[in-house]
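The values are calculated or read from the model by the stated rules, or taken from the named source; none is laboratory data. The structure displayed is predicted, hence computed values, not measured ones. Don't worry about glycine lacking a Cβ; one is built from the backbone with ideal geometry, like all the others, and counts go over all protein chains shown.
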Amino acid sequence: MSKFLNEKFKDFQEYTPGEQPKAGEYIKLNTNESPYPPGPLTRAKACDPENAKRLRLYPDPDLRALKQALAKRYGVEPTNVFCANGSDDILYVSFMAFGQDGLVFPDITYGFYDVFAGFIGQPFETKKLKDDFTIDVNDYLNTGKMVVIADPNAPTGLELLTSDIRKIIESNSDHVVLIDQAYADFGGTSYIPLTKEYDNLIVCCTYSKSRSLAGARLGFAVASEGLIKDLEKLKFSMNPYSVNRTTAEIGITALEEDDYYMENCKKIAETREWTTEELKKLGFYVIPSKTNFIFASSPDISGESLYTQLKDRKILVRHFDNERISNYNRITIGKREDMSIFIDTVKEILGKQGE
Ligand SMILES: *Cc1c(COP(=O)(O)O)cnc(C)c1O
């Protein structure tokens with residue numbers, strides 16, 4: 001830290017992303033990336049020399065073509081779509097735009113929410129998940145604050161009932177309810193259709209997980225026209241070109257081969273079910289997941305010890321330094337062959353090999 005840093009950030013605790021080791025060295029099951037590459041059309045577009053020539057030009061600040069493609073894909077109007085540099089960027093702008101009365105979200109959820117809220121200086125309140133890690137919907141009714149819910153939730157993988165989501169949106173009609181759906185494509189329920197019914201709902205989505213484009217940084221939100229205008233106002237006060245030209249282009253192309261991505265999501269969901277069953281056979285407790293990861297603990301080994309021993313054997317999973325979940329690991333679902341190696345390695349660690 002230099003002596004020049006603003007006093008207010010000196011003690012501020014920033015977000016710690018999952019480890020990104022040198023490629024090839026590890027089986028990476030720690031940051032919920034897709035094990036599959038982007039589709040062939042998307043890859044070709046990313047390397048298109050004609051596009052590369054146009055990199056001398058700024059991107060369209062209104063991202064009209066991208067918004068149109070997303071609107072068509074999701075059955076809404078382009079005026080209902082906001083795009084930004086990853087959904088993290090959307091969360092940040094939304095917290096700033098709508099969190100003035102404070103924010104409320106679960107104690108165990110995406111680790112960026114409290115960082116963003118603290119960074120912006122917005123007060124926030126966390127509500128304890130029940131012992132089985134489900135959300136108590138009553139905690140989120142009539143809050144008088146902006147509500148933020150990841151559905152399905154991370155790192156638990158659990159989703160709420162649609163009727164509960166509706167109750168939350170309806171009972172907080174004076175505030176924005178943001179549903180973070182980074183993982184909805186892996187078997188969860190999409191709440192994009194509800195944005196037509198509720199003018200206080202933002203559904204936040206990303207290309208990072210289900211569309212294999214974490215490195216391209218593209219997120220989008222769907223909401224009523226008024227909320228989108230507000231988000232644009234803030235974006236144009238910060239960084240109107242936050243989505244770069246190449247990413248805007250491949251974001252459109254990815255939708256042209258969306259079947260490829262949705263098929264991958266199905267494969268990942270199948271591998272998730274396989275991995276869950278295998279872990280259960282080894283005595284693990286595995287929370288039923290609707291995402292591309294599972295959250296699991298074993299009565300025979302601590303979460304941290306399993307994490308460390310897997311890492312020694314070149315497999316990375318995510319362990320969180322949080323007392324309530326310290327016995328768990330979050331395991332991203334990779335290709336079937338990666339998960340076979342993972343299961344064999346867990347067996348070896350537990351000393352159960354050959355049983
Ligand atoms: C991965 C993730 C994000 C961030 O996605 P980006 O689009 O890569 O910024 C947001 N919310 C949740 C719950 C996530 O897991």
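The table below lists the values:
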| item | result |
| --- | --- |
| Tally, over region 40-53, of residues that are among the basic types (Lys, Arg) and touching an Asp or Glu at 6+ places or on another chain (Cβ under 9 Å) | 1 |
| Top-ranked residue in region 175-217 [being more than 18 Å from LEU231 (Cβ to Cβ) and more than 16 Å from the chain's Cα centre (by Cα); ranked as farthest from the ligand (Cβ to nearest atom)] | GLU197 |
| Test result for LYS235, assigned to a loop (DSSP other than H, G, I, E, B), touching a helix residue (DSSP H, G or I) at 6+ places or on another chain (Cβ under 7 Å) and in contact (Cβ under 8 Å) with a residue 24 or more places away in the chain | no |
| Every residue from region 126-143 that is hydroxyl-bearing (Ser, Thr, Tyr) and under 14 Å from GLU170 (Cα atoms) | TYR140, THR143 |
| Tally, over region 284-301, of residues that are free of Cβ contacts under 8 Å to residues at least 40 places away in the same chain and surrounded by fewer than 14 Cβ atoms within 10 Å (Cβ to Cβ) | 2 |
| Selected residue (only one of LEU103, LEU41, LEU63, LEU91 is among the aliphatic types (A, V, I, L, M) and at positive phi) | LEU63 |
| So PHE119, is it modelled with pLDDT under 95, in contact with a Phe, Trp or Tyr (Cβ under 8 Å, 6 or more places away or on another chain) and surrounded by 17 or more Cβ atoms within 10 Å (Cβ to Cβ) | yes |
| Some residue of region 65-75 being in a strand (DSSP E or B) and either away from the ligand (no atom under 16 Å from the Cβ) or out of contact with any Lys or Arg (no Cβ under 7 Å at 6 or more places or on another chain) (or both) | no |
| Selection count, region 7-54, where residues are exposed (fewer than 12 other Cβ atoms within 10 Å of the Cβ) and outside any loop (DSSP other than H, G, I, E, B) | 7 |
| Subset of region 166-190 (residues that are more than 13 Å from MET146 (Cβ to Cβ) and either surrounded by fewer than 20 Cβ atoms within 10 Å (Cβ to Cβ) or in contact with an Asp or Glu (Cβ under 7 Å, 6 or more places away or on another chain) (or both)) | ARG166, LYS167, GLU170, SER171, GLN181, GLY187, GLY188, THR189, SER190 |
